[in-house]
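Beneath this line is the structure, given in structure tokens, with notes to follow.
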Amino acid sequence: MFELSAADWQAIQLTIKLCFLTTLILLAIATPLAWWLASGKSAMRVVVQAIVALPLVLPPTVLGFYLLLVLGPRGPVGSTLESLGFNHLAFSFEGILLASVLYSMPFAVQPLLEAFNNLGRRPVEVASSLGAGVVDRFFTVILPLCRGGFIVAATLSFAHTVGEFGVILMLGGSIPGETKVLSVLIYDHTEAMNYAAAHRLSLLLLVFSFLVLFVVYGMNRRFQVAKV
Amino acid sequence: MSLQIRVRLRRGDFKLEVDTQWPAQGVTALFGRSGCGKTTLMRIIAGLEHVKGAQVRFADQCWQGDTQWLPVEKRRIGLVFQEGSLLPHLSVTGNLLYGYKRTPVALRRLQLDEVSAMLGLETLLSRPVDQLSGGQKQRVALGRALLCSPQLLLLDEPLAALDTQTKREIMPFLSRLAQDAGIPIVLITHAPDEVQRLADRVVFMRDGRIDEICSLQQALAKPDSPLFADEGPSSVLEGQLGPAEENSLRLFGEQGSQLRVHAPDQTASGPIRLRVLARDVSVALDDPARISIQNHLVVTIRQLHELPGNRVLLNTAMQDGQTLLIEITPWSAQQLGLATGQSVFALIKSVALMR
């Protein structure tokens, strides 16, 4: 029963690639962003925090719609890219990658923000007084002490990108090997009344998602930041 | 060598206005009530707080100026906080060596075994830090700061979070540090006892300003000194402790101002500090022979101060020039006809070994 077609495999591969890259980019962006958010309470930070959290409440179609306007051939970003000799970003892998980064941003920022708030400033102040520079402090103090936060942020970003559908459909359409990820393929299978194929992939995602959440909640329990 | 600070800061109701300097040697106590701005001032000195327009200079280095800013990790300071400052993911040794490893080899003046011996850490080295008591944690934090071979040691109320018993345990280590480490220390405290034990110089802070900077002896010469808030007026005597005599008594001080004091047998001979509470000293016009108090000194009255609560404080000079404060009642003063310039016998009932 569990035989996957070539198209299924292609979609799985594409999905993994998309999620992996999204997670990498997100960790690189969300870490400094969450650190900055954790280091004060100015009005500017509240604005940024609200913007970051927008994808939590917006219908994915709204986000996808605006991204299509902005990144498409007539949008400000898309047309600029075209005039520079590149392609616009609508209906492309790069486009849905950018969309995924924005869409999963809150899932990377929130756990990190919480971890950094729990950590407080003291360990970092101690490390700097002992002669550790910024990068040194990150790898020898922040990373080991906020390990749980980083693992949760990475897993949630990855998993949430797997579950992305509306934004990709709006911005990327359904181009095999380029934008046709698992969730889109399941939709296509269903539209084509191919319920068996849709079921196989759906079940796969269901089990995967459960495992991810199981791991994340287990982590949360294990990595309560120890205060000494 | 001196430490210079200039800063003006307003945060809501809190104001800090400081333009001062003091010699960067010995132990300087930054003394004041909670909320007077001591910790903020220390954080500015350390570089943990970047206040615009502030200036901080240490010796010939500019730590903060109009355009300069030396980050904390480049200032080579040792910091000890009130509590909770050990890195929980490292063992005791890991904590101790964190700064040591980041200190250039040429600048390392202290080694792990010296520091662990000085602070009694030998048996703790392999323990995880969450299995240490409060006092042990502070000793590790002290050792860790020392192992960076800092050029300035900043101690932010290092004993404030400890109970009395633990304080008593850790105090000798701090005293030894103050004497032996050869590093200028800034000690932030609101405890007069710590100032008397450890400080050579006192910076009095109040409401975000510095009231006065003076030597410990000058600070103790004022009858209304804030240092007398807890236990009443007292004097700190400095001198050499002699070798053990019979009856476990040891000689202290110069000929003519010599005292016999009880000191634990293991106390090494050498410079020590004694505290004498003014109310533990009595005055006699003749040297009483048959009396239980054995320490009798000839002192000269410099001044008589009336204190609130029907007391008189005598500021007297011992023969070696050190100040001894004596507290008596106005009635006794009158009965004995005490006056400035008069020589009397000071009968010292008890002394406390400070360091």
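The values are calculated or read from the model by the stated rules, or taken from the named source; none is laboratory data. None of these values were measured; they are calculated from a predicted model. Note that each Cβ is placed from the backbone with ideal geometry, even for glycine, and that neighbours are counted across all protein chains shown.
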Quiz item: Would the stretch B:27-45 turn up any residue that is crowded, with 18+ Cβ neighbours inside 10 Å, within 14 Å of another protein chain (Cβ to nearest Cβ), not β-branched (Val, Ile, Thr) and not in a loop (DSSP other than H, G, I, E, B)?
Solution: yes
Exercise. Pick out, from the stretch A:109-228, the helices (runs of 4 or more DSSP H) lying fully within it that include 2 or more residues that are out of contact with any Lys or Arg (no Cβ under 7 Å at 6 or more places or on another chain) and more than 14 Å from every other protein chain (Cβ to nearest Cβ).
Key: A:147-162, A:166-172, A:182-191, A:195-222
Quiz item: So which of A:Ala34, A:Ala30, A:Ala7 ends up being touching a residue at least 12 places away in the same chain (Cβ under 8 Å), among the small types (Gly, Ala, Ser) and over 19 Å from A:Pro106 (Cα atoms)?
Solution: A:Ala7
Exercise. Could you please find all residues in the stretch B:220-237 being under 24 Å from B:Lys349 (Cβ atoms) and buried (at least 17 other Cβ atoms within 10 Å of the Cβ)?
Key: B:Leu220, B:Pro223, B:Ser225, B:Leu227, B:Phe228, B:Pro233, B:Ser234, B:Ser235, B:Val236, B:Leu237
Self-check item: Where a residue in the stretch B:142-166 is small (Gly, Ala, Ser) and its partner, wherever it lies, is in a helix (DSSP H, G or I), with Cβ under 7 Å and at least six apart
Solution: B:Gly143/B:Leu96; B:Gly143/B:Val115; B:Gly143/B:Ser116; B:Gly143/B:Leu119; B:Ser149/B:Leu107; B:Ala161/B:Gly134
Quiz item: Looking only at the stretch B:59-78, which residues are buried (at least 16 other Cβ atoms within 10 Å of the Cβ), within 14 Å of chain A (Cβ to nearest Cβ) and part of a strand (DSSP E or B)?
Solution: B:Trp63, B:Ile77, B:Gly78
Exercise. State all residues of the stretch B:61-85 that are of a type outside the set (Lys, Arg) and under 24 Å from the mean Cα position of the chain (by Cα); if no residue qualifies, say none.
Key: B:Ile77, B:Gly78, B:Leu79, B:Val80, B:Phe81, B:Gln82, B:Glu83, B:Gly84, B:Ser85
Quiz item: Here are B:Ser126, B:Ser175: which of them is in contact with a strand residue (DSSP E or B) (Cβ under 9 Å, 6 or more places away or on another chain), more than 28 Å from B:Thr267 (Cα to Cα), of a type in the set (Gly, Ala, Ser) and more than 14 Å from chain A (Cβ to nearest Cβ)?
Solution: B:Ser126
Exercise. Of the numbered conditions (1) out of contact with any strand residue (DSSP E or B) (no Cβ under 7 Å at 6 or more places or on another chain); (2) away from chain A (no Cβ under 12 Å), B:Leu142 fails exactly one; give the number of that condition.
Key: (1)
Quiz item: Residues A:Ala127, A:Ala159: which one is in contact with a Ser or Thr (Cβ under 9 Å, 6 or more places away or on another chain) and modelled with pLDDT of 95 or more?
Solution: A:Ala127
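From the list B:Arg144, B:Arg168, which residue is among the charged types (D, E, K, R) and over 17 Å from the mean Cα position of the chain (by Cα)?
On the way: B:Arg168 fails: over 17 Å from the mean Cα position of the chain (by Cα).
Just one listed residue meets the conditions, B:Arg144.
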Quiz item: Which residues, taken from the stretch B:314-342, are of a type outside the set (A, V, I, L, M), within 10 Å of B:Val283 (Cα to Cα) and free of Cβ contacts under 8 Å to residues at least 60 places away in the same chain?
Solution: B:Ser332
Practice problem: Hey, can you tell me all the residues within the stretch A:154-178 that are of a type in the set (Val, Ile, Thr) and surrounded by fewer than 23 Cβ atoms within 10 Å (Cβ to Cβ)? | Solution: A:Thr155, A:Val162, A:Ile175
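Closer than 28 Å to B:Val203 by Cα, among the hydroxyl-bearing types (Ser, Thr, Tyr) and buried (at least 21 other Cβ atoms within 10 Å of the Cβ) - does that describe any residue in the stretch B:88-104? I'd like the intermediate steps shown before the answer.
Within the stretch B:88-104, the subset closer than 28 Å to B:Val203 by Cα is none.
No - not one qualifying residue is present in the stretch B:88-104.
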